[in-house]
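For reference, the structure is listed below as structure tokens.
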Amino acid sequence: MKKITQGTPFIFFYLLMFASCKEKNTGPKEETINSINLKRGDVVLCGPPDKEFGSVAFVSSCSEKVKKDFNLALALLHSFEYDEAEKVFAKVIDEDPTCAMAYWGVAMSNYHPLWAPPTEGELEKGAKAIAIAQSLSPKSKIETTYIEAIATFYKDWKSTTHATRNINYEKAMEKIYTEDPAEKEAAIFYALALDGTADPTDKSYKNQKKAAAILNALYPGEPNHPGIVHYIIHTYDSPELASLGLEAARKYASVAPASAHAQHMPSHIFTRLGLWDECINSNRIAAASAKCYAENTGMKGHWDEELHALDYLVYAYLQKGDNNSAKQQWDYLNSFQDVFPVNFKVAYAFASIPSRYVLENKMWKEAAAILPHATIVPWENYPWQEGIIHFARLMGSVNIGNIDSARNELKKLSELQNKLTEQKDLYKANQLQIQKTIGEAWILLKEGKNVEALKLMNSAADMEDKTEKHAVTPGEVLPARELLANMLLQVNKFTEALTMYEAVLKKQPNRFNALYGAAITSERINNNDKAVSYYRQLIAIASGSNRPELENAKSFLKKNNSSL
């Protein structure tokens, strides 16, 4: 009995040591980590020699040796440099396999709330990574909440919709933010989640305004945090709010100059405000940075971010009436042999760039004959984007009087819309419904049914006004209300046409065709003061253009003794 009593402290000591060893997690097995199939390698981005990505400081329970890399990965994540972020999170895992938040980072790198939903492979990777994160201990209470929050997105991913899981994640982040508003990164990710779940038909911008309040409260104390300034731009990416995002737009590129996305993102606001020179500068730098990235990674062909920048670049050139520069970019796009990855952004650029060029220039014969790019994009996977090509063909056909061909394009749009409806992608299905309604209206006009045509065209414009544009695009291929104004002009309803052109310019300032339309309708109703004003605006934004509209503008101003 005495021996037992004397030995008891030693027994307790060994029991404590055993428990301590069990608590001190040695990390998952190598084969478990390998099963995630992590992206690995050096960070490859193009920018200044010091490779700046902004300032991020997250307090984690990971080992001291990986904290600098963890913060780098987090900064990359905030600039949507998802592949590079995953590579750095993988480096952290290699050096500290017990770092639970590194696996969280991998899961976050495969969840891109403002882009297309993750692929099946990305979902599988994210689910595996977050399962490892959940299994590791010890980790702090706040780290546990971050991990459990993103776990709600990956839970039952095979059987639940992307939208449902998106909302689940947003609600989980809301809980973290509500319980601890001082947790800065949680606030930032919650704001992003609000933008990711915003209803595109909500014109009160409830989610965006809530996100803006959070981000604007943080910004003064963290002006170089890439997530704050980046998400402010996304939050204000709408006609009604865009002016509030101008400061952030002019800041972000300097916060993360080594990120191609950070160079491009300000152009969302510049486009909304009709600041074409700033938009062009932003996207020329972004496209060059993306091209550099592809070359430095040894990528076969062009990176998808380059095509995204080119879409915005062509749109801006067209609004300045700079057809030569726009056509150069279209020709450059046509030279591409390979693109990686082929995704929704790539498909959109291949459809929108040629369609915009011919439609904005009213090249109806060319529009009627336009064809989708033959080799790179599997169009059957992208019905919305394919619909843009058929819409261009429809508008071209109807304007050259080939009504049978126009009706065939309408039929194709219906088939693509049905496909999207079956996929429960109602937003994109609605975009094709708008295009169908526009096409039907113009067919009626060509058949001499003006009243019915105007009624349908008004319906299309109203439908478009009730939804927001997708973040992938700088704007509708042709705004429905501008097409309504064109129709009113054709049937000699000049006063009504001017009202519609002015409505377009309020939503999309400095659009070339809307400015010209407003000027000529002002002429027709003998409102020379307005005509002078609009012609001057047109010349101011398109001074170097060789489009014939500019000659008409200069001639009118000269006749009215008005300076340019």
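Numerical summary
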quantity	calculated
Output for region 333-349, where each listed residue is out of contact with any Phe, Trp or Tyr (no Cβ under 7 Å at 6 or more places or on another chain), small (Gly, Ala, Ser) and buried (at least 20 other Cβ atoms within 10 Å of the Cβ)	349
Residues of region 319-332 that turn out to be out of contact with any Leu (no Cβ under 6 Å at 6 or more places or on another chain) and crowded, with 21+ Cβ neighbours inside 10 Å, as a count	4
Residue among 505, 515 that is touching a Gly at 6+ places or on another chain (Cβ under 9 Å), assigned to a helix (DSSP H, G or I) and not hydroxyl-bearing (Ser, Thr, Tyr)	505
Matching residues in region 495-528 - criterion: being closer than 15 Å to residue 555 by Cα and surrounded by fewer than 18 Cβ atoms within 10 Å (Cβ to Cβ)	528
Among the candidates 188, 228, residue that is in the same structural domain as residue 162 (by TED's automatic domain parsing) and of a type in the set (A, V, I, L, M)	188
Restricting region 506-545 to residues that are in contact (Cβ under 8 Å) with a residue 60 or more places away in the chain and among the small types (Gly, Ala, Ser), the residue that is farthest from residue 476 (Cα to Cα)	544
Any hit, region 486-494, residues being under 18 Å from residue 276 (Cβ atoms) and either in the same structural domain as residue 439 (by TED's automatic domain parsing) or not charged (D, E, K, R) (or both)	no
Qualifying position, being modelled with pLDDT of 95 or more, over 19 Å from residue 473 (Cα atoms), touching a Phe, Trp or Tyr at 6+ places or on another chain (Cβ under 6 Å) and not charged (D, E, K, R), among 211, 186	186
Helices (runs of 4 or more DSSP H) completely within region 313-397 that count 2 or more residues being hydroxyl-bearing (Ser, Thr, Tyr) and under 21 Å from the mean Cα position of the chain (by Cα)	344-360
Residue tally, condition surrounded by fewer than 22 Cβ atoms within 10 Å (Cβ to Cβ) and of a type outside the set (D, E, K, R), over region 292-318	6
Filter result for the condition that a residue is at positive phi and of a type outside the set (A, V, I, L, M), over 527, 492	492
Residue 138 vs. criteria more than 21 Å from residue 85 (Cα to Cα) and outside any helix (DSSP H, G or I)	yes
Residue that is part of a helix (DSSP H, G or I) and either within 30 Å of residue 192 (Cβ to Cβ) or touching a Gly at 6+ places or on another chain (Cβ under 7 Å) (or both), where the choices are 434, 443	434
Residue check, residue 406 closer than 27 Å to residue 116 by Cα, over 22 Å from the mean Cα position of the chain (by Cα) and buried (at least 19 other Cβ atoms within 10 Å of the Cβ)	no
Pair list, Cβ < 6 Å and 6+ apart or interchain, from region 237-254 residues that are farther than 20 Å from residue 472 by Cα to residues that are surrounded by 17 or more Cβ atoms within 10 Å (Cβ to Cβ)	244/236; 251/229
Qualifying residue in region 449-467 (condition: on the phi > 0 side of the Ramachandran plot and not in a helix (DSSP H, G or I))	no
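Residue-by-condition table, conditions (1) buried (at least 20 other Cβ atoms within 10 Å of the Cβ); (2) touching a strand residue (DSSP E or B) at 6+ places or on another chain (Cβ under 9 Å); (3) in a helix (DSSP H, G or I):
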position: 170; (1), (2), (3): yes, no, yes
position: 190; (1), (2), (3): yes, no, yes
position: 198; (1), (2), (3): yes, no, no
position: 212; (1), (2), (3): yes, no, yes
position: 244; (1), (2), (3): no, no, yes
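The values are calculated or read from the model by the stated rules, or taken from the named source; none is laboratory data. Because the structure is a prediction, the values reported are computed rather than measured. Positions of Cβ are generated from backbone atoms using ideal geometry, with glycine treated the same way; all protein chains shown enter the neighbour counts.
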